[in-house]
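Here is the structure we will look at, set down as C-alpha cells.
The values are calculated or read from the model by the stated rules, or taken from the named source; none is laboratory data. Note that the structure is a prediction, hence the values are computed from the model and not measured. So basically every Cβ, Gly included, is an ideal-geometry build from the backbone, and we count neighbours across all protein chains shown.
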Amino acid sequence: MSRRLLLMLPAALVLIFLIVLPYANIIVISFRPLSPDGAYGQGFTAANYVTVLTSAHYWRQIWTTIWIGLVTTALALLLGFPVAWDLARNRGRSQALRRAIALSPLLVGIVVRSYGWTILLGNNGVINRLARALGLTQSIIPLMYNRFGVIVALTHVFLPFMILPIMGVLQELDPALEQAGRSLGASPRTAFRRIVLPLCLPGVQSGCVMVFILTISAYVTPMLLGGMRVKTMPMTVVSTLIDAFRWPLGAAQALVLSLCGGLILIAFMRLTPMRWNR
Amino acid sequence: MTEVVIQDLTKRYGAAAAVDSISLSISEGEFVSLLGPSGCGKSTTLRLVAGFDQADAGKILFDGQDVSPLPPERRDIGMVFQSYALFPHMTVAQNLAFGLQMRKAPRAVIEERVARALDLVRLDGKADRYPRELSGGQQQRVALARALVIEPRILLLDEPLANLDAKLRDEMRLFIGELQRRVGITTIYVTHDQAEAMNMSDQVVVMFKGRIEQRGSPRDIYERPNGLEVATFIGQANFLSATVTVDTGRLMAQTALGTRPLPPESDASPGQVLSVLVRPEALTLTDSAAPGAVSGVVELAQYNGAFTEYRIRLADQETVCVQTPGPARHSRGVGVGLRLAMDPLWPIGSDA
C-alpha cells in the first residue's frame, strides 16, 4: 500500500465507521418492514416511503422545516454579515472582546441556550412581563410556541456558523482591493457590490449551507420554543423512532427530509457561483 | 496635467503626528518621490492625497482646487498599490475597464482605451488572463495600466516595487520612469529605497518623523544634504571633523585628509569646528609612499563586483569608508595612501 493511502487510513476508518456505515444502515432499515418482536423485521418493502410520500401531513411538516430553515438562514446572513464585517475589519483593543461576544453562543450548550430563550419569550417571560409592567399591552404577546419563537432562537443558536466563514474570507481580503476600486471612481456602495461581495461569496455560501443544514436538522430548539405546536420533521422522526418504536418508518422520514434538504442545497449551489473565477 | 499643492498637512493618530504640518508643491508633469524610513509619514501623506484618510489640518490642492473634502472616487487619481490590488475575479481587460465603467464611458471607447493601455505596458496578448495567471512583473504592469487608462489628473504609487525581486525591480524602475515621461503625468512615488527615488525622480522629498527634512533634485540630496540624517540615509557617508580657515578670502575646511574650500554660500566663521561630508567614492587609494597622500591602514576590504569597499583607519584613529572601482588592490592590514578628490566640501553641521 502506498504511503499516501496509509496516511489516509485513520481518517478513512473514522469516516467509514462513524458516517458511512450508520448511513448505510439507516438506508437499509428504511426499506425493512415493521416487526412485532423487534425494531424491524426481515425482507424489503417500499411501504415506509409510500407512507411518507403520500401523506399530506408529512409534506406539511417537511415544508415547515424547510421554510424555517430558509428564513433562519436568511436572517442569520442578514445579521451575521455586518458582524463578520466588523470583526474582520475593525481592529483595535476591543476586537478580541467583540469576537468572544459574537462567538459566545458556541460556549453554552444548545439546550441551555434554548431554555434561555424560553425565559425571554415565554407567555410569562421577561418580555411579556415588561410589556405589561410598562402598560404597553394587557394581553399576552405570543412570542413563543410559534414559528417566530423557533426562528428567533435558531438564528441566535446558529449565528456563529454564519459569522465564522464570512469573517474568514473578509480577513483574507486585501483592504487595498476596495481602495483600488475607490481610486478608480467607485462609490463605497459600488466598490462593495462589484469587488467585496463577489470575493466573499465563498464564505457566504458555506455559512448559508451550514446554517441551513443545522436548522433543518435541529431538534431541541424547535421542541422547546415550539412546544409541539410548531411541528418540524426532526421532532416527528424522533417520536416515530422512540415513542412509536417504528424504526423503518422513522428512517424513511429522516431520509426524505435529508433528500429534500439536499435538493435545495444543490439548487442553491447551482444558483450561486462557488468560486469567483470562471 | 495637474499641479499639486500641499499646505500645512497634518494627520494625527492619537497623540502622535504621522504627518506633521508638511507643505509641498509639485509642478505639472513632475515626478516627485517621497523617501524615508518606514513610519516617516510618506505613505500617510500619499493616502491623504488619495483621500483614503482625512487630514486633521491643512489643504490639498489640485490645480488650485481644494480636494480635501472629496472622497477618493471624486479626486480623479490613478493609484498603484504595493500589493497591486488587482481584482482577482476579473480578467486583465475587466480590471482595466473598471475605472472607465465607473466613468460611464461607452463600450467602444472602453475597448479602444483598454487595448491602447495594454499596448502601452506591453501586455497586449494578456487581456483575457486572470491576474493570478500572470508573473509579478506582469501584474505590476497591469496595475500601472489600470491606474493610467482612466487618464487621471495625478498618478500615485505606493512602494510599487517592494514585492518584486531585485532584477525585476531594476527593470520596472526603468519602465516606470520611461512610462511616466512618455505620459507626462504628475506623479507622486512613495518609497523607502533611495536608489528608486534617485533614479526616477525629478525631485526627491526626504521625510523623517512626519516632517520634510529636505527637498531637492537627486543630486542635491546626495551631494548637499542638509543634515546628518539625510546624509546617512542616502548612500554611504563619511563625516570628517574640520576646522574653518580662510585662504585668499575663501572659507576653507581643514581636515585630516587635507584642506579644501567650503561652498561659497557657507556661513561658517573662521576658527569654527564642523563636520564635512565625504562620500566613499570621493576618496582614492594610492601606495602609502605617494606624495601628498595621507596614510592609513586597511581594516576591511569587501569586494562587490563593480567596486570594492574599504574601511581605512587613519593616524588619528578615525575610520573612513572608501569605494574604488574594480577588485580589491589592497589587502587587510596593509598601509595605504588616501587622497581626497572632492571640491568643495559640504558642511553638515557644527561640531559643537
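The rows are residues; the columns are (1) farther than 15 Å from residue B:236 by Cβ; (2) surrounded by 13 or more Cβ atoms within 10 Å (Cβ to Cβ); (3) without any contact (Cβ under 8 Å) to a residue 12 or more places away in the chain.
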{"residue": "B:255", "(1), (2), (3)": "yes, yes, no"}
{"residue": "B:260", "(1), (2), (3)": "yes, yes, no"}
{"residue": "B:265", "(1), (2), (3)": "yes, no, yes"}
{"residue": "B:270", "(1), (2), (3)": "yes, no, no"}
{"residue": "B:278", "(1), (2), (3)": "no, yes, no"}
{"residue": "B:312", "(1), (2), (3)": "no, yes, no"}
{"residue": "B:335", "(1), (2), (3)": "yes, yes, no"}
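Select from segment A:187-209 the residues that are more than 30 Å from residue A:228 (Cα to Cα) and buried (at least 23 other Cβ atoms within 10 Å of the Cβ) and write down the one among them that is farthest from the other protein chains (Cβ to nearest Cβ).
Of all residues in segment A:187-209, those more than 30 Å from residue A:228 (Cα to Cα) come to A:187-206.
Next cut, buried (at least 23 other Cβ atoms within 10 Å of the Cβ) only: A:191, A:195, A:200, A:203.
Values: A:191: 8, A:195: 6, A:200: 11, A:203: 14 Å.
Here the residue is A:203.
For segment B:63-74, state whether one or more residues are touching a helix residue (DSSP H, G or I) at 6+ places or on another chain (Cβ under 7 Å), facing chain A (nearest Cβ under 9 Å) and of a type in the set (D, E, K, R).
The answer is yes; a qualifying residue exists.
Given B:199, B:226, which one is of a type in the set (S, T, N, Q) and surrounded by 16 or more Cβ atoms within 10 Å (Cβ to Cβ)? Spell out how you get there, then give the answer.
Values: B:199 fails: surrounded by 16 or more Cβ atoms within 10 Å (Cβ to Cβ).
Exactly one of B:199, B:226 is of a type in the set (S, T, N, Q) and surrounded by 16 or more Cβ atoms within 10 Å (Cβ to Cβ), namely B:226.
Going by what's in this entry, would residue B:8 be described as of a type in the set (D, E, K, R), within 14 Å of chain A (Cβ to nearest Cβ) and either assigned to a strand (DSSP E or B) or farther than 30 Å from residue B:130 by Cβ (or both)? Spell out how you get there, then give the answer.
Numbers: of a type in the set (D, E, K, R): yes; within 14 Å of chain A (Cβ to nearest Cβ): no; either assigned to a strand (DSSP E or B) or farther than 30 Å from residue B:130 by Cβ (or both): yes.
It is false that residue B:8 is of a type in the set (D, E, K, R), within 14 Å of chain A (Cβ to nearest Cβ) and either assigned to a strand (DSSP E or B) or farther than 30 Å from residue B:130 by Cβ (or both).
Looking at (1) at the interface with chain A (Cβ under 9 Å from one of its Cβ atoms); (2) within 15 Å of residue A:186 (Cα to Cα); (3) of a type in the set (Gly, Ala, Ser), can you tell me which one residue B:83 breaks?
Result: residue B:83 passes all but (2).
Just checking, how many residues over segment B:11-32 are surrounded by 17 or more Cβ atoms within 10 Å (Cβ to Cβ) and over 15 Å from residue B:185 (Cα atoms)?
Going residue by residue through segment B:11-32, those that are surrounded by 17 or more Cβ atoms within 10 Å (Cβ to Cβ) are B:11, B:17-20, B:22, B:24, B:26, B:30-32.
Of the ones still in play, those that are also over 15 Å from residue B:185 (Cα atoms) are B:11, B:17-20, B:22, B:24.
Here the count works out to 7.
In this structure, is residue B:154 within 22 Å of residue B:191 (Cα to Cα) and facing chain A (nearest Cβ under 9 Å)? Write out each step before concluding.
Numbers: within 22 Å of residue B:191 (Cα to Cα): yes; facing chain A (nearest Cβ under 9 Å): no.
Spelling it out, it is not the case that residue B:154 is within 22 Å of residue B:191 (Cα to Cα) and facing chain A (nearest Cβ under 9 Å).
Is one or more of the residues making up segment B:118-128 within 13 Å of another protein chain (Cβ to nearest Cβ) and buried (at least 17 other Cβ atoms within 10 Å of the Cβ)? Give the steps one after another, and end with the answer.
Restricting attention to segment B:118-128, the residues satisfying the condition of being within 13 Å of another protein chain (Cβ to nearest Cβ) are B:128.
Of the ones still in play, those that are also buried (at least 17 other Cβ atoms within 10 Å of the Cβ) are none.
Checked segment B:118-128: no residue is within 13 Å of another protein chain (Cβ to nearest Cβ) and buried (at least 17 other Cβ atoms within 10 Å of the Cβ).
For residues that are small (Gly, Ala, Ser) and not in a loop (DSSP other than H, G, I, E, B), scanning just segment B:276-335, find the one that is nearest to the chain's Cα centre (by Cα).
Taking segment B:276-335 as the starting set, the residues that turn out to be small (Gly, Ala, Ser) are B:282, B:288-290, B:292-293, B:295-296, B:301, B:305-306, B:315, B:326, B:328, B:331, B:333, B:335.
Applying the additional criterion that residues be not in a loop (DSSP other than H, G, I, E, B) yields B:282, B:295-296, B:301, B:335.
Values: B:282: 21, B:295: 36, B:296: 34, B:301: 28, B:335: 37 Å.
My answer is B:282.
For the condition assigned to a loop (DSSP other than H, G, I, E, B) and at pLDDT below 95, what is the one hit in A:171, A:205, A:138? Please lay out each step first, then the result.
Working: A:171 fails: assigned to a loop (DSSP other than H, G, I, E, B); A:205 fails: assigned to a loop (DSSP other than H, G, I, E, B).
Testing whether each residue is assigned to a loop (DSSP other than H, G, I, E, B) and at pLDDT below 95 leaves just A:138.
Identify the residue in segment B:114-139 that is out of contact with any helix residue (DSSP H, G or I) (no Cβ under 6 Å at 6 or more places or on another chain) and among the aliphatic types (A, V, I, L, M) and, among all such residues, is nearest to residue B:165 (Cα to Cα). Full working, then the answer.
Going through segment B:114-139, the residues out of contact with any helix residue (DSSP H, G or I) (no Cβ under 6 Å at 6 or more places or on another chain) turn out to be B:115-116, B:119-120, B:122, B:125, B:128, B:130, B:132-136, B:138.
Restricting the remaining residues to those that are among the aliphatic types (A, V, I, L, M) gives B:115, B:120, B:134.
Values: B:115: 28, B:120: 23, B:134: 15 Å.
Ranking the candidates gives B:134 first.
Buried (at least 17 other Cβ atoms within 10 Å of the Cβ) and either small (Gly, Ala, Ser) or more than 14 Å from chain B (Cβ to nearest Cβ) (or both): is that true of residue A:233 in this structure? First the steps, then the outcome.
Details: buried (at least 17 other Cβ atoms within 10 Å of the Cβ): yes; either small (Gly, Ala, Ser) or more than 14 Å from chain B (Cβ to nearest Cβ) (or both): yes.
In short, yes.
Can you tell me which residue among B:159, B:133 is modelled with pLDDT of 90 or more, within 14 Å of another protein chain (Cβ to nearest Cβ) and more than 29 Å from residue B:51 (Cβ to Cβ)?
Details: B:159 fails: more than 29 Å from residue B:51 (Cβ to Cβ).
Being modelled with pLDDT of 90 or more, within 14 Å of another protein chain (Cβ to nearest Cβ) and more than 29 Å from residue B:51 (Cβ to Cβ) holds for just one of B:159, B:133, which is B:133.
So, residue A:105, is that one in contact (Cβ under 8 Å) with a residue 12 or more places away in the chain, within 23 Å of the chain's Cα centre (by Cα), closer than 20 Å to residue A:156 by Cα and part of a helix (DSSP H, G or I) or not?
Numbers: in contact (Cβ under 8 Å) with a residue 12 or more places away in the chain: yes; within 23 Å of the chain's Cα centre (by Cα): yes; closer than 20 Å to residue A:156 by Cα: yes; part of a helix (DSSP H, G or I): yes.
Here the answer is yes, as residue A:105 does meet what is asked.
Out of B:308, B:319, report the one residue that is assigned by TED's automatic domain parsing to the domain that holds residue B:264, under 30 Å from residue B:250 (Cβ atoms) and either touching a residue at least 60 places away in the same chain (Cβ under 8 Å) or hydroxyl-bearing (Ser, Thr, Tyr) (or both). Even if it seems obvious, please write down each step before you answer.
Details: B:308 fails: under 30 Å from residue B:250 (Cβ atoms).
The unique qualifying residue is B:319.
I'm told residue A:180 meets every condition in (1) within 11 Å of chain B (Cβ to nearest Cβ); (2) surrounded by fewer than 24 Cβ atoms within 10 Å (Cβ to Cβ) except one. Can you identify the failing condition by its number?
Just one mismatch for residue A:180, condition (2).
Got a sec? Which of B:288, B:275 is hydroxyl-bearing (Ser, Thr, Tyr) and within 21 Å of residue B:345 (Cβ to Cβ)?
On the way: B:288 fails: within 21 Å of residue B:345 (Cβ to Cβ).
So the residue among B:288, B:275 that is hydroxyl-bearing (Ser, Thr, Tyr) and within 21 Å of residue B:345 (Cβ to Cβ) is B:275.
Do the conditions hold for residue B:64, that is, is it surrounded by fewer than 18 Cβ atoms within 10 Å (Cβ to Cβ) and among the small types (Gly, Ala, Ser)? Give the steps one after another, and end with the answer.
Working: surrounded by fewer than 18 Cβ atoms within 10 Å (Cβ to Cβ): yes; among the small types (Gly, Ala, Ser): yes.
Spelling it out, residue B:64 is indeed surrounded by fewer than 18 Cβ atoms within 10 Å (Cβ to Cβ) and among the small types (Gly, Ala, Ser).
Kindly evaluate residue A:185 against the criterion of being of a type outside the set (A, V, I, L, M, F, W, C), assigned to a helix (DSSP H, G or I) and free of Cβ contacts under 8 Å to residues at least 12 places away in the same chain.
no
Does residue B:86 satisfy the condition of being over 28 Å from the mean Cα position of the chain (by Cα) and in a loop (DSSP other than H, G, I, E, B)? Write out each step before concluding.
Numbers: over 28 Å from the mean Cα position of the chain (by Cα): no; in a loop (DSSP other than H, G, I, E, B): yes.
No.
Inside segment B:340-352, can you point out the residues that are assigned to a strand (DSSP E or B) and surrounded by fewer than 16 Cβ atoms within 10 Å (Cβ to Cβ)?
Residues of segment B:340-352 that are assigned to a strand (DSSP E or B), as a first pass: B:340, B:346-350.
Result: B:349, B:350.
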